[in-house]
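Written below as structure tokens is the structure these notes are about.
Every number here is computed from the coordinates shown, using simple stated rules; none is lab data. These numbers come from a predicted model, not from an experiment. Here the Cβ is made from the backbone with ideal geometry for all residues, glycine too, and neighbour counts use every protein chain on show.
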Amino acid sequence: MKGFVIAGTGSGSGKTTITLGILAYLSKLGYKVVPFKVGPDFIDPGHHTSLTGKISRNLDSWMLSRRVNENIFAKGSEGADIAVVEGVMGLFDGYSGVSEAGSTAQMAKWLKLPVVLVVDAKSMARSAAAIVQGFENFDPAIEFAGVIFSKTGSQRHYDYLKDAIEANCRMKCLGHIPRTPEITMPERHLGLVTSEEYKLSSEIITRIVDLIDSNTSIKEMVQNLSEHQKFIISQPYSQNSGTHHQNIRIAVARDKAFCFYYQENIEALQRYGAEIVEFSPIDSPSLPPNIHGIYFGGGYPEIFAQQLSDNKSLIKEIKEKSLQCLPIYGECGGFMYLCKDITVSDELMVKDYGQKALEVTETDIDNFAKIEKIKNKYPMAGCFPFSAIMSKKIRSLGYRQITLKQDTIIGKKGDILRGHEFHYSSLESDNINICGDNHDGAAQLIRVYDTTSRDGQELSLNGYQVNNTLGSYLHLHFESMEGGAASAFVDMCRKFCKFSEADS
């Protein structure tokens with residue numbers, strides 16, 4: 001197998017578009033290509049998977065140990081000809097100004113992979129050589145396969161850039177991608193529109209592949225790469241440790257509204273004995289039969305709030321299951337769905353779908369600012385007594401570490417887990433006494449997380465548990481505590497199964 005990392009000089013350099021183009025191009029050439037993504041992103045991996053037919057896995061040097069990252073890479077690369085890793089932010093950007101920790105550069109060195117550097121050449125000429133020279137000299141331990149320029153204005157522009165690089169740098173020029181507005185992908189408030197909603201058309205894929213083929217030497221670069229020394233998969237990845245618990249069924253919400261999952265989280269549940277059965281909170285009239293737990297990942301419940309709220313039979317059943325103490329875990333968008341309602345401005349709905357909301361005129365649809373104040377409240381499952389209120393501004397963003405304050409459905413008191421928080425909504429409640437009063441006659445609602453940022457600063461991010469339902473804005477990576485969260489959740493599902501069987 002061969003492999004390489006695609007890294008940018010910074011966010012917005014064009015590395016995602018180039019990554020997608022290279023994935024499609026190498027696949028067309030007949031290579032078995034497997035994609036990876038550095039960092040806690042869910043959307044880019046979805047597009048990787050859509051293009052290659054191979055699951056794109058997240059690598060992260062803050063949430064996960066080096067050994068776990070090596071395991072993920074080894075497992076994901078089985079049977080592949082080429083592994084392509086898309087970086088995060090700029091090559092050397094991590095969570096410190098004085099350390100490589102959390103950066104694409106650190107991951108490239110951990111995985112022993114060369115780097116293809118992407119440089120945004122818009123409005124730039126000879127200065128590009130200074131940038132490339134700086135990157136190739138910044139860390140001598142990084143091996144570069146070459147540089148690709150994005151957003152070039154013409155072949156002449158690229159020739160100018162190439163001359164500057166060849167006169168001043170050691171790095172090889174691998175080509176360029178001209179500015180091409182027709183291959184720009186749509187975006188919204190959390191990033192690109194997901195692959196569940198937006199599939200690259202065959203025409204766009206053909207166009208991207210042609211751009212890579214006509215303007216770069218990626219084919220020759222791949223042929224010249226050295227073979228990668230594969231990592232040996234270590235425990236617990238080498239075998240299924242839960243084969244004797246095959247009758248535990250966990251329902252996983254998956255559709256356009258809920259599509260943010262780390263693949264390792266799903267596979268960890270399976271490794272500890274769970275059978276995964278998917279359902280759609282938008283379309284499924286009821287939960288799958290004979291389930292012993294539910295997992296709601298993140299996504300865009302605010303975009304599909306009307307459809308989710310209209311599925312009244314399902315949200316009623318979920319509330320009933322919560323009251324029956326079925327283990328239910330929801331994170332970020334999934335947590336919002338488990339709250340009593342979501343408030344969304346019609347600006348958001350119109351912006352994404354061109355829908356006409358209430359009495360909004362066609363003129364207003366073209367002027368989002370005029371309808372900012374129009375709000376709609378959509379009832380949700382009501383397992384938690386909170387209202388989730390959407391905002392135009394980011395409410396929280398960053399890596400988080402939690403310590404469990406007591407036993408929960410994902411671990412024991414004192415267990416430590418890591419994850420990432422990124423959301424535009426906030427919670428409102430009607431003077432709920434979270435540590436005392438009951439709501440709807442149910443069990444006590446309690447806070448179960450102590451949370452710190454990646455630099456150790458205490459934060460107000462909470463995890464809430466009522467009955468056996470746990471929700472939070474945090475996207476946890478179950479493998480950040482090996483054998484912890486997934487094993488604990490499956491164990492709780494198993495206990496519910498035994499309790500249900502005994503009760504019946």
| note | Computed over the Cα atoms of region 2-224, the Rg and Dmax in Å are 16.4, 46
| query | Taking neighbour counts of Cβ atoms within 10 Å as a proxy for exposure, in what order, fewest first, do ILE291, ILE204 appear? | reply | ILE204, ILE291
| task | State, to one decimal in nm, how far the label point of LYS412 lies from the label point of THR180, with both points 7 Å from Cα in the Cβ direction. | result | 5.5 nm
| task | Would you mind ranking CYS173, CYS332 by Cβ crowding within 10 Å, fewest neighbours first? | result | CYS173, CYS332
| request: Mind running the shape call on region 65-124? Use the C-alpha gyration tensor, a ≥ b ≥ c as the square roots of the eigenvalues: rounded below 1.5 for a/c, prolate if a/b tops b/c, oblate otherwise. | output: oblate
| note | Computed ³J(HN,Hα) along region 144-155: with the Karplus parameters 6.51/-1.76/1.60, θ = phi - 60°, integer Hz and x for glycine or proline, the list is 9, 8, x, 10, 10, 9, 10, 6, 6, x, 5, 5
| message | Please list 3J(HN,Hα) in residue order for region 19-30, calculated via the Karplus relation 6.51 cos²θ - 1.76 cosθ + 1.60 where θ = phi - 60°; whole Hz, with x for glycine and proline. | response | 4, 4, x, 5, 4, 5, 5, 5, 5, 5, 6, x
| Rounded, prolate or oblate (a/c below 1.5 giving rounded, otherwise prolate when a/b exceeds b/c) for region 28-142 by Cα gyration tensor | oblate
| request: Using a cut-off of 12 Å between beta-carbons, work out the net charge of the residues near PHE279 (Lys and Arg +1, Asp and Glu -1, PHE279 not included). | output: -2
| field | Cross-link table LYS319/LYS393; LYS37/LYS75; LYS15/LYS122; LYS312/LYS340; LYS2/LYS219, entries beyond 24 Å C-alpha to C-alpha | value | LYS319/LYS393
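Taking neighbour Cβ counts within 10 Å as the exposure measure, how do LEU91, LEU287, LEU59, LEU225 sort from fewest upward?
With the sparsest Cβ surroundings first, the list reads LEU225, LEU287, LEU59, LEU91.
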| note | With x for Gly and Pro, the residue-by-residue ³J(HN,Hα) of region 320-326, computed from phi through the Karplus equation 6.51 cos²θ - 1.76 cosθ + 1.60 at θ = phi - 60° and given in whole Hz, is 5, 5, 4, 5, 7, 6, 4
| query | How many angstrom lie between the C-alpha centres of region 252-299 and region 13-28? | reply | 29 Å
| query | Near SER123, within a Cβ-to-Cβ distance under 12 Å, what is the net charge of the other residues, with Lys and Arg +1 and Asp and Glu -1? | reply | +2
| query | Taking 0.36 nm per intervening residue step and subtracting the Cα-Cα distance, what contour gain separates LYS112 from GLU275 on full extension? | reply | 55.2 nm
| Sequence-distant or interchain residues sharing an amide H contact under 5 Å with ARG400, placed H: which? | GLY419, HIS420, GLU421
